[in-house]
1. Would it be correct to say that residue 21 is on the phi > 0 side of the Ramachandran plot and modelled with pLDDT under 95?
2. What's the total number of residues in segment 293-307 that are surrounded by 14 or more Cβ atoms within 10 Å (Cβ to Cβ) and free of Cβ contacts under 8 Å to residues at least 40 places away in the same chain?
3. For residue 77, indicate whether it is open to solvent by 20 Å² or more (accessible area, probe 1.4 Å), in contact with a Phe, Trp or Tyr (Cβ under 7 Å, 6 or more places away or on another chain) and within 30 Å of residue 117 (Cβ to Cβ).
4. In segment 152-171, what count of residues is obtained for those that are buried (at least 21 other Cβ atoms within 10 Å of the Cβ) and more than 28 Å from residue 203 (Cβ to Cβ)?
5. Can you tell me which of (1) open to solvent by less than 20 Å² (accessible area, probe 1.4 Å); (2) away from the ligand (no atom under 16 Å from the Cβ) is the one residue 209 doesn't meet?
6. Sort through 92, 105 and tell me the only one that's within 29 Å of residue 370 (Cα to Cα), modelled with pLDDT of 95 or more and under 20 Å from the mean Cα position of the chain (by Cα).
7. Looking only at segment 212-248, count how many residues are within 16 Å of the ligand (Cβ to nearest atom), open to solvent by 40 Å² or more (accessible area, probe 1.4 Å) and under 15 Å from residue 161 (Cα atoms).
8. What about residue 463, is it over 17 Å from residue 419 (Cα atoms) and of a type outside the set (S, T, N, Q)?
Amino acid sequence: MFKKLFQVILFLQIVVFGVYGQSSKSINYAIIKPGSNLTTIVNTAANVTPSARQLRWQELELTAFFHIGMNTFTGREWGDGKEDSKLFNPTALDARQWVRTVKAAGFKQVIITAKHHDGFCLWPSKYTEHSVKNSPWENGQGDVVKEVADACREYKIGFGIYLSPWDRNSPVYGTDAYNDYFVNQLTELLTQYGRVDEVWFDGANGEGPNGKKQEYDFDRWYNVIRKLQPSAVIAIMGPDVRWVGTETGYGRETEWSVVPANNLDQLAVTAKSQHDITFKPKGDMRGDDLGGRDKIKNATGLVWYPAEADVSIRPGWFFHAEENDKVKSPEKLMDIYYNSVGKNCVLLLNIPPDKEGLLNSSDVNALQGWKKLRDETFKINLLKDAAVECANGVNLKSILDDDYNTWFTTRNKDTSAVITLNLKGSKTFDVLLLQENITIGQRVEKFVLEYWDGNNWKKATEGTTIGYKRSLRFPTVTADKVRLTIESSRLNPTIATMGLYKQP
Ligand code: FUL
């Protein structure tokens, strides 16, 4: 009875309010018909949405990288593959400490460097002697990948692997046999450690021991991952997660998750699901805007391909004791947070374990200080209980209900809106937070926040894209009335969350 009533209400809502622009089937790519005009392309882009694995990944916001391996003991950043396995000896390795620490700092997933460019394997692979099994650590009986996977399960956070395609140790690197070797190693990692949530392929493709470069068989590797771990995102040199284009942790002002993919003809629609595409990343990854109207106007295909911003908490990716005083401060990490998570990216922050196999106190302190700053800033949404008005809006209150799954949108086919909020008294704030409901699509192209100073509307801040999350800092304002104007959007905008905050 109630279910029926609910269905009728939903139907009436759609008929009466005409919530346009929602595609009946939501898929994470679109093929553009030749000759399509810009309006058609833009509307198509507005209906491309994340796959289930991409949505789960986006909602993590914070993921941690653990770089540990030969370089931890040689003091290098890139090993040459000639290192002696006996050098690997972390005397007090405790992956539970790593996972516990990053979880307490708000991270939802970790990635371990199972094999870096030097080819040394942190698990006892059957296919090489260059691994922990020939190290003194735990008398050759240890398995770092297992320790990390077990800790992630214990602390209930996601688990991912970094497996470097470039291998400076493998004698078969540079020959067809290497692709088999790589598949064998991938298979070990994807079958022996339970669920894997992210597989991270680096782009580096240098020479191996025989002086040859390898042609990586990405399509084959993608198929292995889809088959063995269908819920894992494949990142960077993969189809699900895009490299933001820097290793600074700073994303771009305009960050579209829908970008052109003109090589969708290589698309391998895997057996089970139409939803499942793989393609090799191609084209510009570093421009200021990868998905604006100008970028998609000649596209032959579009994909949901969201950005990951990776950076190390230290100058290097591996632990070097002489960098203990160069660990990024809580304030710097906060700046990175606003410029990554606050710019529609997931942040992948590297915290490298030290020679003992522990996260060093300098890094732990920085993480704790940064978490405290975030907690203090985002404790109270100063818009709470504000009265919301919007002449052409529906579901006005849902922007303040702390529920990502409910969202404001506009009536008819309106692509702009003015949302006015009368606050509960005068408030002082300097941070704006916005979220679009990306299960409907990423749509907002331009917005501005203004406040009423008693006589006039004055601009507090403005921006272009929002996406999953956008947060902006601006000079402190005290006001009892603000308005958010969506100036331009692809189809109807959908705003899931709006917040105003004050930095400590
Ligand atoms: C880079 C690698 O060369 C670095 O050593 C590090 O692993 C980083 C995350 O990716 O391309």
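1. So residue 21 passes the test.
2. Number satisfying all stated conditions: 1.
3. Yes: the conditions hold for residue 77.
4. Total satisfying the criteria: 0.
5. Status for residue 209: all satisfied but (1).
6. 105
7. 1
8. It is false that residue 463 is over 17 Å from residue 419 (Cα atoms) and of a type outside the set (S, T, N, Q).
The values are calculated or read from the model by the stated rules, or taken from the named source; none is laboratory data. Computed from a predicted structure; not experimentally measured. With ideal geometry, Cβ positions are generated from the backbone for all residues, glycine too; neighbour counts draw on all protein chains shown. Note: areas computed on protein heavy atoms with side chains; ligands, DNA, RNA excluded. Shrake-Rupley method; radii C 1.70, N 1.55, O 1.52, S 1.80 Å.
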